[in-house]
Amino acid sequence: MTDLAISPARSQRRTGRIALRWLLYTMLGLFALYYLMPLFVMITTSLKSLEEIRTGDLVALPREVTFDAWKTAWSGACTGVQCDGVRPYFWNSVLIAVPAVSISTLLGAMNGYVVAQWRFRGANIIFSLMLFGCFIPFQVVLLPMARILGLMGLAGTIPGLIFTHVIYGIGFTTLFFRNYYVTIPAELVKAAKVDGAGFFRIFWSIFLPLSLPIIVVTVIWQFTQIWNDFLFGVSFSQAGTQPITVALNNIVNSTTGVKEYNVDMAAAIIAALPTLLVYVVAGKYFIRGLTAGSVKG
Amino acid sequence: MTKWLEEHMPKMVLAPSFIAVLIFVYGFIGWTAWVSLTRSRLLPKYEIEGLIQYERLMRSPRWDMAMDNLFVFGALFITVAMALGLLLAILLDQKVRTEGAIRTIYLYPMALSMIVTGTAWKWILNPGLGIEAMVKGWGFESFTFDWVVNPDMAIYTIVIAAIWQSSGFVMALFLAGLRSVDAEIIKAAQVDGIPTWRVYTSIIIPSMAPIFLSAFIVLAHLAIKSFDLVIALTGGGPGYATDLPATYMYAMAFSRGDIGQAASSAMIMMMVVFAIVVPYLYSELRAKND
């Protein structure tokens, strides 16, 4: 008797729950489409001919797949007067990012080690001052930096850009390593000191071997920041030393000739590939860097 | 000697970075502040003349536009990105089976350069060939969606692209926050028969106040520094319709040759950032030292 009374209600609740699950997955799926749509449109557009772009649908798959736009984007598209594609600028970005990431990460590791484990009077104030430096809008240093780079003979050069990225990256890299090293008990350093190990010895044989995760996080963070940088790139480079973001913008906004949307899209994907690849391969570390970098001091 | 060296080694290691920060951050801020008080045009002058550059700024319709745009863009961008991020986080928190894959999809725009994002959306929003043309092609001949070239609406295209880029990141922040709420309390509430939506509105969300604050700070900071996205998407146009303080500063510094205006606009940007970030950092650092 009671069974009969309860079961319709129960099955109703069950259907309700299943309907809710469906709704949930539908919503999640729709949002996934929203985030994927621009990437999808970029890829399909880059594989279409200009003719098909003019007559076809934005979200339609290419009727005929062609890689011509990719070839042009890589080695033939015009950025202003030069028509070498994005290839030289891609390598410029590599030449900027690799040394800038390595140097700023190394400096950050050493600084973080000092601030977290070798506290001396004033170390906290120094750290706070360095931390505040992370949050300035870079517009406030653009003008003097342009002058100093000029005085140093580095205006418009790749070493000048490396230098700039290292200087304004130190704050974040120090923060990352400091927050990581601060969780290592101070007794470890004390014990090592008793055993006669010095400052560098302790860093080299105790801290560095423990640091792999934070090195990965920092390298990914710095690489993403520097590869994607536009402000410093556009302010402190000249024809020939521009990073890829600047070249991409020049290609897209160049007003000469026919607008080749497929080439624009191919160039944009090429510019995005390295950081996307890092994200896909090491997404976990990428997210950790983002959340650590988000002022969580 | 070696003992002295050993004792002072930590300071000597930190010194170069600290000196660099002193010069290249604080010294440079000082330089910019100084120059913002002079009559500098193409070349910097160093005789202090008072607040004339700031007065010029206040009288400039273009700067006025840039500040209005920052306000509209910032308010919409922050509110919608936070609402969307929270919604996505709550949806993903319902024991979703494919959570990892979905999270990856929601967050990947954050790995892209704003220039790439701008380029993509510029193409999608292109009236002749993008969404507008597509919907017209479906038979809705009167459909118009020309925001990107419409001076009154162009600023909203910046909002759309910026939200697309950053909302996944806000979701990641909130998701981490949802996961850190004490599971016991939630279980107790469920045992008491409190409906799930009530558990969210009265227990979980209020306990995430610090995360709302972090998300707000990060987004506000992003909004004030927005530069690349505007350059790539609209170039500040049509006209000056999508100028932001950052693009105004850049135009003054590098194409108009008006260093005084560039310096004073940069100083205002910095003050806005500091008004938001400093109280937060200060309380964070204090909380940590206590």
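The set of residues in the stretch A:87-108 being within 12 Å of another protein chain (Cβ to nearest Cβ), more than 18 Å from A:Phe232 (Cα to Cα) and in contact with a helix residue (DSSP H, G or I) (Cβ under 6 Å, 6 or more places away or on another chain) consists of A:Leu107, A:Gly108.
Kindly indicate the residue of the stretch A:30-62 that is of a type in the set (D, E, K, R) and modelled with pLDDT under 85 and also surrounded by the fewest Cβ atoms within 10 Å (Cβ to Cβ) among those meeting that condition. Per the criteria, the residue is A:Glu51. Can you find a residue in the stretch B:89-107 that is among the polar types (S, T, N, Q) and under 23 Å from the mean Cα position of the chain (by Cα)? Looking for residues that are among the polar types (S, T, N, Q) and under 23 Å from the mean Cα position of the chain (by Cα), one finds at least one in the stretch B:89-107, hence yes. The residues of the stretch A:114-133 that are touching a residue at least 60 places away in the same chain (Cβ under 8 Å), at the interface with chain B (Cβ under 10 Å from one of its Cβ atoms) and more than 15 Å from B:Val21 (Cβ to Cβ), listed by number, are A:Gln117, A:Trp118.
A:Ser46 falls short on exactly one of the conditions (1) in the same structural domain as A:Pro159 (by TED's automatic domain parsing); (2) farther than 30 Å from B:Met12 by Cβ, and that condition is (1).
With the structure loaded, tell me whether B:Thr117 is within 30 Å of A:Thr45 (Cα to Cα) and at pLDDT 85 or above or whether it fails that test. For B:Thr117, the condition - within 30 Å of A:Thr45 (Cα to Cα) and at pLDDT 85 or above - is met. If you check B:Gly237, B:Gly257 for being in contact (Cβ under 8 Å) with a residue 40 or more places away in the chain, in contact with a helix residue (DSSP H, G or I) (Cβ under 9 Å, 6 or more places away or on another chain) and over 30 Å from B:Asp93 (Cβ atoms), only one passes: B:Gly237.
Criterion applied to B:Ala75, B:Ala111, B:Ala89 was being within 8 Å of chain A (Cβ to nearest Cβ) and of a type in the set (Gly, Ala, Ser), and the one residue passing it is B:Ala111. Just so you know, in the stretch A:259-277 the residues that are of a type in the set (A, V, I, L, M) and facing chain B (nearest Cβ under 7 Å) include one that is farthest from B:Leu233 (Cα to Cα), and it is A:Leu276. Checking each residue in the stretch B:79-103 for being crowded, with 18+ Cβ neighbours inside 10 Å and either polar (S, T, N, Q) or touching a Lys or Arg at 6+ places or on another chain (Cβ under 7 Å) (or both) picks out only B:Leu92. Would you check if A:Asn111 is within 8 Å of another protein chain (Cβ to nearest Cβ), in a helix (DSSP H, G or I) and not hydroxyl-bearing (Ser, Thr, Tyr)? For A:Asn111, the condition - within 8 Å of another protein chain (Cβ to nearest Cβ), in a helix (DSSP H, G or I) and not hydroxyl-bearing (Ser, Thr, Tyr) - is met. Here B:Ala223 fulfils each of the conditions (1) surrounded by fewer than 20 Cβ atoms within 10 Å (Cβ to Cβ); (2) within 16 Å of the chain's Cα centre (by Cα) apart from (1). Listed by position, the helices (runs of 4 or more DSSP H) contained in the stretch B:89-195 that have at least 3 residues being more than 24 Å from A:Ile53 (Cβ to Cβ) and not charged (D, E, K, R) are B:99-107, B:154-180, B:183-191. Comparison of B:Gly193, B:Gly236, B:Gly260 shows that the only residue that is on the phi > 0 side of the Ramachandran plot and either touching a Ser or Thr at 6+ places or on another chain (Cβ under 6 Å) or surrounded by 14 or more Cβ atoms within 10 Å (Cβ to Cβ) (or both) is B:Gly236.
The values are calculated or read from the model by the stated rules, or taken from the named source; none is laboratory data. Predicted, not measured: the structure shown is a model, and the values here were computed from it. Virtual Cβ from ideal backbone geometry, glycine too; neighbours counted across all protein chains shown.
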